Structures are given as structure tokens and as C-alpha cells.
Amino acid sequence: YAPFCKHLFLTNDFTNARLNVLPITRENEHCIRTKYEARTENELPVLTRFFDRKLFEKSAGGEGAEKEDVFPVAKYLDLILYSREQIEKENAAMGKESSHGGKEAAPWGIVSIKAQDVDFELPMTPMTAMRNALGKDEGGSGVPLDRGAYMAACDYWKDHATVN
């Protein structure tokens, strides 16, 4: 994706973090919802598609179902790291103060943790790629859109959705 971004994969044998990306099936597609959403008040809202957690639990689990049956424990955790320099650039563009208050900071910071069943990077959602291409002032990273990566993301996400 970009040189300022690294992924660190850990075997998830120490948490009960559950999968939050699931395949779309005929049995669960009625649980999909959409909304315009911004991660912060300074970002532009983008259209998101997701499984409504409550609808999904009711539909998939039925009466007496265990949480593990509906949302399995993830096999891996994907820790997404950004360089300190990129974090500072994005914070400045969004009008935020330095994240380390003038003190020496770690060279990398965790920006996201994803619970998943594979030990490799899943494609970011197409809307995340679009937001990133908008630039730091709109809540993105400023990385131009890569058409091949975008098309691969569309191919993956046409059959998957996050759980909110």
C-alpha cells in the first residue's frame, strides 16, 4: 500500500477477538445495511456497507446460539502500523496536536488492529482506498489510487462485509 505502512501478524492465541469480516451468503445478505460514515468529525463521510450486528446475531444464531457460533474467534491479529512521520503529517492535516506532546516517540504507531483468519493483508475496502486518495485534509493518507489494488479490493469486498 505505502512505505509508511507495515503489517504485523500475530497468532491469536491470547485473546477472544472475533472475526468482523464475514462472507456474504444468501442466508445473511438480508442483514446488510449501508450508511454514510466518517471516522472523525473532520473527515468526509463515505458510503459504507456492513452487516448489522444485532440483525446478524438474531438471524445467524437463533435462540440459544453461542457467540462463538455466530462470530468465531480470529486465528490472527493484523496490527497495522504507520510511521511516526506519517501519523504526524495526518494529524497536522486534520488540525490535531502532536500525538507525543513534544516527547520522544516510538518510530511506529498502531493505527488499527484487525481480527482475521488469514496471516496476510486483506484488501482495504474500496471506500477506504478512495478516502485515502482524497488526501490528508479529508482524512486520507494522500496515497494515490492504485487501479489494480482497487479492482482486487472490489473483487474481494463484493463477497464480504464488515460487522458493525
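The values are calculated or read from the model by the stated rules, or taken from the named source; none is laboratory data. Values in this document were obtained by computation on a predicted structure and should not be read as measured data. Quick reminder, even Gly has a Cβ in these numbers, built from the backbone with ideal geometry, and neighbours come from all protein chains shown. Just the protein is used for accessible areas: all its heavy atoms, side chains included, with ligands, DNA and RNA removed. Shrake-Rupley method; radii C 1.70, N 1.55, O 1.52, S 1.80 Å.
Placing a pseudo-label 7 Å from each Cα along the Cα-to-Cβ vector at MET127 and TYR1 gives an inter-label distance of 1.6 nm.
Given a Förster distance of 41 angstrom, what is the FRET efficiency for ASP159 paired with GLU43, based on the Cβ-Cβ distance and rounded to 0.05? It comes to 0.95.
Using 1/(1 + (r/R0)^6) with R0 = 35 angstrom and r between the beta carbons of ALA92 and MET151, what's the FRET efficiency to the nearest 0.05?
Values: r = 32 Å, r/R0 = 0.92.
So the FRET efficiency works out to roughly 0.65.
Secondary-structure-derived ellipticity at 222 nm for the chain, considering helices only, amounts to -6000 deg cm²/dmol, per-run term -39500 (n - 2.57) for DSSP H runs with n ≥ 4. Placing pseudo-labels 7 Å out from each Cα toward the beta carbon at ARG18 and LYS35 gives an inter-label distance of 1.8 nm. Using a probe of 1.4 angstrom and keeping all protein chains present, the accessible surface of the range 7-164 works out to 63 square angstrom per residue.
In what sequence, largest accessible area first, do LYS6, LYS136 appear using a 1.4 Å probe?
Details: LYS6 100, LYS136 60 Å².
Highest to lowest solvent-accessible surface, that is LYS6, LYS136.
Between the residues TYR82, TYR36, TRP108, the greatest Cα displacement towards the positive end of the dipole of the chain, with unit charges on the Cβ of Lys, Arg, Asp and Glu, is found for TYR36. Select one label from [x] 29; [y] 37; [z] 33: the one whose number is percent of Cα pairs over 28 Å apart as derived from the coordinates shown. The listed entry that was calculated here is [x].
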